[in-house]
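Right, one structure below, let's go through it.
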Amino acid sequence: MAPLLIIDDLQIHYGAIEALKGISLYLDEGEIVAVLGANGAGKTTLINAISGLLPISSGNVTLEGNRLNGIPPYEIVQKGISQSPEGRKVFSTLTVDENLNLGAYTQRKKKQEVGDAKERVFSLFPILRERRRQLSGTLSGGEQQMLAIGRALMSSPRLLLLDEPSLGLAPILVNHIFGIIREINSQGTSILLVEQNAHKALSLAHKGYVLENGVISTSGSSSELKSNRKIQEAYLGGSALKRKGNQTT
Amino acid sequence: MEREKTGFFGSQQSLLFAIVGIFIIYPFFVSNYYIDVAFFFGIYALLGLSLNIVLGEVGLFDLGHAGFYAIGAYTTAILNTKLGIPILVLLPVSAIAAGIFAYIVCSPIIHLRGDYLCIVTIGMGEIVRLALINNPFDLTGGPNGVYGIDFPSFGGPFVIDSSIEYYFLIWIIVVLSIIGLIRLQNSRIGRAWNCIREDEVAAGSSGIDVKSYKLLAFVIGAALAGVAGNIYASKLMAVSPESFSFWESCMLFCIVLIGGMGSIPGILIGAAFISLFPEIFRPFAMYRMLVFGLVMILMMMFRPGGVWPRKRGGPEFVSLLSRMRKKDV
Amino acid sequence: MKIMKHLLIVGIILCVLMPFNATAAEKPVVIGLQGPITGPWAYEGEMAKQSCEIAAQLINEKGGILGGRMVEVRVVDDAGEPKTGALAATKLVGQKDVVASVSTYGSSICEPASNIYEKFKKVNIGYGVTAVRLTQRDFKYFFRTCGRDDSQGKFFADSVPQKFGAKKIAIMHDNTAFGKGLAEDTKGALKPMLDAGTVELIYFDAITPGEKDFHVPLTQLREKKPDVWYFTGYYAEAALLVTQAREIGVTCPFVGGNAAINNEFVKIAGIDLAKGCYMTNEPLPADLPYKEAKEFLKAYKDKFGEIPSSPWPIYAADALNIIAYAIDKTGSVDSDVLAEYLRNDVNGVPGITGPIGFTAQGDREGVPFYLYVVDENGNIVISK
Amino acid sequence: MSKGDLHTTPERVLETRGLTKIFGGLIAVNNFDATVKKGEIFSLIGPNGAGKTTVFNVVTGIYKPEAGQVIFGEKDITGRKPHQIVSFGIARTFQNIRLFQNMTCLENIMAGQHCRAKAGVWSSIFSFSAQKKEERRIREISESRIEQVGLERFRDELAKNIPYGSQRMLEIARALATEPMLLVLDEPSSGLNAGETEVLMGFLKELIEKEHLTILLIEHDMNVVMGISDKVAVMDEGKKIAEGNPEEIYNNPRVIEAYLGTEEEA
Amino acid sequence: MQVVFEQIINGLTIGSFYALIALGYSMVYGVLKLINFAHGDFFTLGSYLGYTLLVFGSAFITTHFGLWGGMVAAMLMAAMCLAFIGVLVERAAYRPIYPAGRLPAVVSALGASIVLQNAIMVIWGPRYQAYPAKLIPNIHLNIWGINITVLQIVILVLSFVLMGILYYIIQKTVFGAAIRATALDKDTASLMGINFNKVIFFIFTLGPALGAMTGVMVGMYYRQISFTMGWNYGLKAFTATILGGIGNLPGAMFGGLILGVLEMLGAAYISAAWKDVFVFMILILVLIFRPNGLFGEKIAEKV
């Protein structure tokens, strides 16, 4: 079976700055793939390129063999990819309900399906049902994250892009949300997960890629990566410490 | 500084001299009408330069600039007709009056951002105009305005009373203002203004007192507009509120944006467009303003940064004046 | 003989000035018209232009002036702005072939313009400029064919209160130079009666021109219960005022000034509300008993389909006529000659608006005023 | 207090006492205490949203704290305006570079000299000799700063047109042009490649050595943090959870947890 | 007391005009951050189109639909024409300029305003035009001593219905939520599958259409229209928009109504001539103390 999403030698520029320097990865149907990396490594750039928010300089993004290059974001959603963006980006002056309805904007004619999708979101995140009339700006950070994920689920996507779902959340909440991500995946949605929280992400993902300065430095299955010393170094700067130690001694 | 730019330098310098030369001999070859047209071009150039300080240099949306212009004109008109003070003596007085007015009204609103500041300046301009119409303390003559204003003089035998003298008066003031502005642009004050325009937060964090410098821009801009008001009042010998409408402010706004924010040659081009275009196209009668509006849209389409945007770093036409004086730089 | 001599001189001068023009002798006499062709008063400017063209056409049909030279109108636009007015005046005085100018509509525009005409010694005759101060400047070359605010104010004070048996008078103006001037002058003319206590001025206030909603001042007016209500502004506001006043129950007679009532007023207010509204006015074109008026209006109607809807364009036509007359009579296009002639020798010259003559200051002598009323059919007729 | 005194008598440069900042009910910084000593590189690390940048914004006067004090040298600078704080001697850079985009690189640096100059409107318009002299000094200092960061080739380029890495350096040069005693850098290596990061680290070390500056740093790149810091404080959820030298921090389990998260029990 | 009531009703009438125009400003500003100076001229153009329809179709309309029918027909026609023209102006004068930033778009909007205003002058002539009195229902009522016309009541009701409809669309439908979402965050909105261009199309249809209907109502109410009137109404409506908090639609409606009432009360109890001074003073005071308008939300700038 061919992979669901294939990214082939993708390059993205911001003006003169090269944010992604030709990266390739793939994601099979039903998989969770983690993309790890430090701030500024290009993770969000990758996700926004898939969503169509950024123009692709060269390379290809294909979903089930259909090229997505140059397709505007609002059509990418119709093709079955939806995104929960970094920093949640809930529409703060809209209610929780309205946020969810917007998630299903492309399906808005199909009342029944929207209702079903909303029920599914509410069963995953019961707190949202309680808060459905509340302005989303008044939710706590964790609730906003749930709303952002729920909103992305409303279009019943085949591929869900999650950008830093643990960002700024307390560890207990992170655990909770990651549990739900697993649940979503087990219900059949493929997930591309971008995370700084490497342990967390790898505990969930089937495989992972490590991005460093716009290139993929390491990749492999989760278990391979978890035991990889390089990851810890990439995050906590062990190599520099060693080097410093060498210099001072 | 001079490296690799000498070629450019030479030709620009001669172009500058040619333009100045044309301006000097121009009035001797045309009728009074064309001299007067050039005079009003000068008035708009001065007004454009004054608004440019606020809008172009600091990036504050000021759509009530005609209010400052009115304060200058009415200060001159009232003090001249009631107390008989000569016009040229009133020139600095008008500037100071407009500057003080700007300081007082802008202090409480200077913290407003973008469009909120914009509507407040509109409101300020309208309040000035309406107050003039309503004749407070019987000073402004209400809708009639103030009339019987003298020709410019210092009170002695030297009197400016012909079109050609007015022409030189306004253009000498414009040239002096340009020199002053170029020096400001190249000083720490001009740089501070530009920094605020580019990024207020970064400007504050680079040690620039954002609020004071914004206020300073308003005060200097208003003072210069006040100077324009002084000359305008004496040229027309009468001032009335309809000359200082919101529409006038909009046209000044367009001068700066059509020319190019912060660009002095741009401002001159913008002023020429606003003041000469309607005159040139007067034969079109009722289609004149239609064409004018269309040209405005087209200009923004093809030159969104203005006809002559300010160039930085590279060889620049206007920085010539300062370079000619500051050989050491 | 004298005329022949003048003609010869003019001819020679013209030949010298225009050496390449073989038909110099037949060159038309150019009279300027400065008016608001564009801007807020554009319709007034347009009618003034048409009126002057008709006046010139009538003169030319009768063989022109100075023994066969045609009269040509050269229009410059002042857009109804003081600044542009100054420019327009400069433009006209700069054209050597323009001998005199009809200028202009609006006192505040006339003010700077007439300064320029004066400086360059060019006869200029205002047609829609009624501010008293204009002729108090001892100008040599400035005249006007229209009346002054104070004469109209005096007419109101003399006739209106007594006609309506009114004790409580309300005066409302529109804060324009013209409207406020007339209101103040009316108040001045009423002063003896106010001092004597025979009438009371219970309301004197301004509305804002360009507005559409006057319910507030009208409610205040209603509460004061005036016997007669004088509005000195323009018809656009007058029509709105009458409509809204009747709506909220102001029932006293409405009297407008000479800018207030015309056909447009009736059109906007509708006949139902307009009928019974009065105005103080110079005689309207249609009421002018003079044969010049009938001839002029016929020509105007033939060409443009309807007669001017306001009185001012007729004054513009008369201004042009009197300039042409003076040129013809003096045989000169010299400004000093013309100004002297207009000031001293023009007296009772038949014009469209009646006999024309000027005072020493340049004011029109003896502009009659009438009290008009809108009748059942929406026509503006002299009130009996 | 002159720089010389600071150099000879090692002491604290900056101290925060009980700093607290609240945004609409959310406590962004919670009772934060820290002391930065003269001549050290003090790094502030922690996960996104931990409140590091908020601390910076309070220290540099962009936000007013709800509680607590900021002491700079001997002076309480709590709640002062940003430009005043710069003139006292604290300069900063921003997480997302905030240059004056449409001004040249040199002008950007000259802006930093603003607070060290005095010329007013009149002396600028009439170009008095004092103003000329001052302007010449501003230029000289700025030229030397631009050379120091190696950007002289971009001298007359608009700031927005130069490469990203150079923009970072330019922002640091602008901060240095204010002649600070304390340099506050918010993620200076973010967006830089490995080579550029190396250069930056070298540059910062050199600054400490040659100019006797003190540096307060927020950094995500642990290579940088571990490589050059003298002291590291870790923040999480607005609180300081650890402080120590890099080795201590590297081995602190709470830090590892905050960064990498705990393994999920399930 | 009755006088105060009358003034308030008058204020509400004029305020509802401001509010309807302000909605158009606010929608465009919310989504595009553009001050659409041409919006006042959309309103004028609507008024003239309604006038033309009533004058030239008068016999037909009155015989078939009666006076009220004529009014509704004129409003609908004008609204449709303006919806078309609004989109046209957006495509021609604004869309090519968006990428260049906000300020050039302001100049372009001023240019569009000049073009529209002068096109109206060229087509209909510079004089005032009058809505034919005989085609306008004119029934007076006197309720508890308050003078009011049926037309005034109809206008008030109609304005509130229109505002209600817009409020419903914007606040209660998914599409309305999409517009609000686009105004908040264009990129994230597009991630929801919202087509930005469709949103623009909608606001440049609905805004001018509302303006046109207001124009017809103003024409009916005052009977007299002029080609320059949009400028004045536009300025007031823009003021109302800011007063309510720019980009906030319910804020714009309230801003308009408050402005109308303030204006009337200011005229009644301070001075008719100084009323606009009073209004702008209030505006400035409001902004000094609430820099984001009465209903605007404080947006902390991210540093």
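The values are calculated or read from the model by the stated rules, or taken from the named source; none is laboratory data. This one's a predicted model, so the numbers in the text were calculated from it and none came from an experiment. Note: ideal-geometry Cβ built from the backbone for every residue, glycine included; neighbour counts use all protein chains shown. These accessible areas exclude ligands, DNA and RNA; they are computed on the full protein's heavy atoms, side chains included. Shrake-Rupley method; radii C 1.70, N 1.55, O 1.52, S 1.80 Å.
Quick notes
- Amide H contacts under 5 Å for C:I207, placed H, 5+ residues apart: C:H173, C:D174, C:N175
- Spin-label zone in region A:186-217 - amide nitrogen under 18 Å from a point set 7 Å from the Cα of E:D187 along the C-beta vector: A:194-196, A:214
- The shape of region D:191-252 comes out prolate: with a ≥ b ≥ c from the C-alpha gyration tensor, a/c is at least 1.5 and a/b beats b/c.
- Vicinal HN-Hα couplings computed from phi for region E:242-254 (Karplus, 6.51 cos²θ - 1.76 cosθ + 1.60; Hz; Gly/Pro x): 5, 4, x, x, 5, x, 9, 5, x, x, 5, 4, 5
- Radius 15 Å from Cβ of D:I71, net charge of other residues (Lys, Arg +1; Asp, Glu -1): +1
- Peptide E:160-169 shows a mean partner chain C-beta count of 0 within 10 Å per residue C-beta.
- Membrane-span-like helices in chain C (whole DSSP H runs, Cα extent of at least 20 Å along the helix axis, mean Kyte-Doolittle hydropathy of at least 0.0): C:2-17, C:312-330.
- Note on C:V337 and E:V157: their simple-model spin labels are 7.5 nm apart, each label 7 Å out from Cα toward Cβ.
- Two numbers describe the Cα atoms of region A:89-156: Rg and Dmax, which are 10.6, 31 Å.
- FRET E, pair D:K210, A:S227, Förster distance 41 Å, beta-carbon r, rounded to 0.05: 0.40
- Radius, Kirkwood style, for region B:120-272 when every pair of distinct Cα atoms is counted (Å): 17.9
- Alpha-carbon Debye profile of region C:169-309, log10 I(q)/I(0) at 0.10, 0.14, 0.18 Å⁻¹: -0.38, -0.69, -1.01
- Pairwise FRET efficiency - A:R132 versus A:V215, Cβ, R0 = 30 Å, nearest 0.05: 0.10
- Evaluating 6.51 cos²θ - 1.76 cosθ + 1.60 at θ = phi - 60° for every residue in region B:169-175, the Karplus couplings come out as 4, 5, 6, 5, 5, 4, 5 Hz, glycine and proline recorded as x.
- Database remark: amide H of C:E200 closer than 5 angstrom to the amide H of C:K168, C:I169 (H placed geometrically; neighbours at sequence offset of 5 or more, or on other chains; Pro and chain starts carry no H).
- Shape parameters for the protein assembly as shown, alpha-carbon atoms, Rg then Dmax in Å: 37.5, 127
- Most fluctuating residue given options A:I32, A:I17, A:I149, as computed from a GNM of chain A linking Cα atoms under 10 Å: A:I17
- Neighbouring Cβ atoms from other chains, within 10 Å of the Cβ of residues in D:96-103, number 6 on average.
- Amide H partners (placed H, <5 Å) of C:A100, local residues excluded: C:G32
- Relative pair counts by distance (%), Cα atoms of region E:174-303, 10 Å bins: 11, 31, 34, 18, 5, 0
- Pairs of Cα atoms in region D:101-179 fall into 5 Å distance bins, from 0 up to the last occupied one, in shares of 3, 17, 27, 21, 15, 10, 5, 1 percent.
- Put E:K134, C:K122, D:K231, A:K110 in order of accessible area, highest first, and with a 1.4 Å probe you get E:K134, A:K110, D:K231, C:K122.
- Shown in residue order for region E:258-270 are the 3J(HN,Hα) couplings computed by the Karplus curve 6.51 cos²θ - 1.76 cosθ + 1.60 at θ = phi - 60°: 4, 4, x, 5, 4, 4, 5, 5, x, 5, 6, 10, 10 Hz (x for Gly and Pro).
- Among B:P27, B:P157, B:P143, residue whose mean-square fluctuation peaks in a GNM of chain B (springs only between Cα atoms under 10 Å): B:P157
- Label-point separation in nm, D:Q101 to D:K239, each point 7 Å along Cα→Cβ: 4.1
- Residue ranges A:212-222, B:234-244, B:97-107 sort as B:234-244, B:97-107, A:212-222 when ordered by packing (mean number of other C-beta atoms within 10 Å per residue, highest first).
- For chain A, a simple Cβ point-charge model (Lys and Arg +1, Asp and Glu -1, everything else neutral) yields a dipole of about 420 debye relative to the Cα centre.
- For residues of E:234-243, the mean tally of beta carbons on other chains within 10 Å: 2
- Tensor-based shape of region E:83-216 (alpha-carbon gyration tensor, a/c under 1.5 rounded, otherwise prolate or oblate): oblate
- The GNM of chain E, with springs linking C-alpha atoms under 10 angstrom apart, assigns the highest mean-square fluctuation among E:P208, E:P250, E:P126 to E:P126.
- With 5 Å bins from 0: P(r) over region E:2-289, alpha-carbon pairs, percent: 1, 6, 12, 16, 18, 17, 14, 9, 5, 2, 1, 0
- 12 Å beta-carbon shell around E:D185, net charge (K/R +1, D/E -1): +3
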